[in-house]
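Structure record follows, encoded as structure tokens.
The values are calculated or read from the model by the stated rules, or taken from the named source; none is laboratory data. Model, not experiment: these values are computed from the prediction. A quick note on method: Cβ atoms are made from the backbone with ideal geometry, for glycine too, and the neighbour counts reach across all protein chains shown. Just the protein is used for accessible areas: all its heavy atoms, side chains included, with ligands, DNA and RNA removed. Shrake-Rupley method; radii C 1.70, N 1.55, O 1.52, S 1.80 Å.
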Amino acid sequence: AFAQKAPTPAASTVAADAAVQLSPFTVSTDKDVGFVATSSLAGGRLASDLADTPAAYSVITREFIDALNIVDLAQALEWTVNTNANNDNGANLTFASPTTYTTRGVGSSTPQRNFFPFYLNFDSYNLERFDFSRGPNSVLFGNGNIAGSANVVTKQAKYGRPLRELRTQIGSWEMYRASLDVNQPVGKDAAVRANAVWQNGRGWRDRDFS
């Protein structure tokens with residue numbers, strides 16, 4: 001019997017520029033599904049899977065923020081583990097003051113914005129998520145002490161599609177809030193994103209307002 005010669009495989013038709021290379025120093029929230037995040041810079045300042053991160057680490061995703069109407073870091077602290085906000089007479093909850101908190105019973109380090117120290121009680125209107133690390137790992141890979149640190153990841157412009165979102169909220173103590181999120185691609189290689197917030201309300205204490 002004569003053997004049949006196999007045909008030469010056809011050349012790949014995939015365009016050379018079809019592959020997308022992601023920066024190892026950028027946290028992408030595109031893979032965050034529901035309340036579950038997949039990546040972080042906490043392990044060694046490289047964007048890696050949370051499953052491979054050698055640290056006790058918790059993430060509050062954007063969908064979780066929207067579902068529970070979390071408006072700032074002080075409220076986000078109530079939804080992470082082994083962490084407690086140090087609320088005194090209200091000074092620590094003002095926008096101009098840093099939010100102080102304890103992790104595992106020890107005072108935590110300065111809150112961070114995109115892994116840079118920033119003394120604010122971060123508002124959630126322009127954030128993608130809240131990150132919380134616990135334990136001495138923060139000494140090696142972050143600005144922190146033996147307790148841990150909190151970090152927020154800000155929203156970024158996206159090329160994929162335009163986005164228009166207006167959220168309104170009414171709460172106790174005459175609290176009214178509105179936030180706007182607009183993302184607009186400009187061609188294939190550029191995009192513009194703008195965020196705005198307005199809030200006015202009172203508190204349960206006399207002469208307490210925001």
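What to note about this one:
- Backbone amide hydrogens, once placed in the peptide plane, bring residue 86 within less than 5 Å of 100, 101, 102, excluding anything fewer than 5 places away on its chain.
- Computed FRET value (nearest 0.05) for residue 176 with residue 68, which takes r as the C-beta separation and R₀ as 22 Å: 0.75
- Residue 116/residue 145 FRET efficiency (R0 25 Å; Cβ-Cβ; nearest 0.05): 0.90
- Given R0 = 22 Å, the distance between the Cβ atoms of residue 165 and residue 79 translates into a calculated FRET efficiency of 0.50.
- Using C-alpha pairs below 8 Å separated by at least 6 residues, the relative contact order for the stretch 140-210 is 26 percent.
- Multiplying the residue separation of residue 205 and residue 51 by 0.36 nm and removing their Cα-Cα distance gives an extension gain of 51.1 nm.
- Rolling a 1.4 Å probe over the protein chains gives residue 134 an accessible area of about 30 Å².
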